Amino acid sequence: MSKLNIKVYPDRTLKRKAKPIAKIGKAEQKLAYDMVETMRSADGVGLAGPQVGISKRIIVAEDVDNNRSALMLINPKVVKKKGRSRFCEGCLSVPGIMSDVLRPESVSVEALNLDGEVIRLDTKGLLARILQHEIDHLDGILFIDRISFLKRKKIMKKISSAKVCMEL
């Protein structure tokens, strides 16, 4: 396994819709394990292909409901949503920024596992939020795209000023 580089906003890969994975082979399996290593070394709980510069529909997440084992999902999609909850989110690709985001409280997600088998996860709470956040990345959506215009404007100003400081 090897650690991958995490792309940071405004990297263009983060805003593109990722392509479905047609065949799961050794390369996709290695990518999934590398993504888990990268996620854990960055103290994250989820990571999507675009966040490591790979525009493919693959996500990994810590299964916070099951001993923090890693979930590795290919072509995941939300097939059922229920309820609403607000929770403060952050993102490895938007470091240092956090904001409340309103999302469904529980979701059912269908995906392929690394053996190519269809699986369905019925989740709620934190795991449901993590999966929705990572699936958003596959559609070129960041958590900052899901907050109010005024909050987003304030965050964009903060990101821009931080970028200027880094360039000096």
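Any residue at all in the range 57-67 that's more than 13 Å from the chain's Cα centre (by Cα) and of a type in the set (D, E, K, R)? Yes; the residues of the range 57-67 include at least one that is more than 13 Å from the chain's Cα centre (by Cα) and of a type in the set (D, E, K, R). The set of residues in the range 10-19 that are within 15 Å of Asp139 (Cβ to Cβ) and either assigned to a loop (DSSP other than H, G, I, E, B) or of a type in the set (S, T, N, Q) (or both) comprises Thr13, Arg16, Lys17, Ala18.
When the residues of the range 21-62 are filtered to those that are closer than 18 Å to Leu92 by Cβ and acidic (Asp, Glu), the one that is surrounded by the most Cβ atoms within 10 Å (Cβ to Cβ) is Glu62. When Met35 is tested against (1) modelled with pLDDT of 95 or more; (2) out of contact with any Gly (no Cβ under 9 Å at 6 or more places or on another chain), exactly one condition is not met: (2).
Please find, among Leu14, Leu47, the residue that is of a type in the set (A, V, I, L, M, F, W, C) and touching an Asp or Glu at 6+ places or on another chain (Cβ under 9 Å). Don't jump to the end; show me each part of the working.
On the way: Leu14 fails: touching an Asp or Glu at 6+ places or on another chain (Cβ under 9 Å).
Answer to the selection: Leu47.
Looking only at the range 61-71, decide whether some residue is of a type in the set (A, V, I, L, M), farther than 18 Å from Gln132 by Cα and not in a strand (DSSP E or B). No; the residues of the range 61-71 include none that is of a type in the set (A, V, I, L, M), farther than 18 Å from Gln132 by Cα and not in a strand (DSSP E or B).
The values are calculated or read from the model by the stated rules, or taken from the named source; none is laboratory data. Only a predicted model underlies this, so the values are computations on that prediction, with no experimental measurement involved. Here the Cβ is made from the backbone with ideal geometry for all residues, glycine too, and neighbour counts use every protein chain on show.
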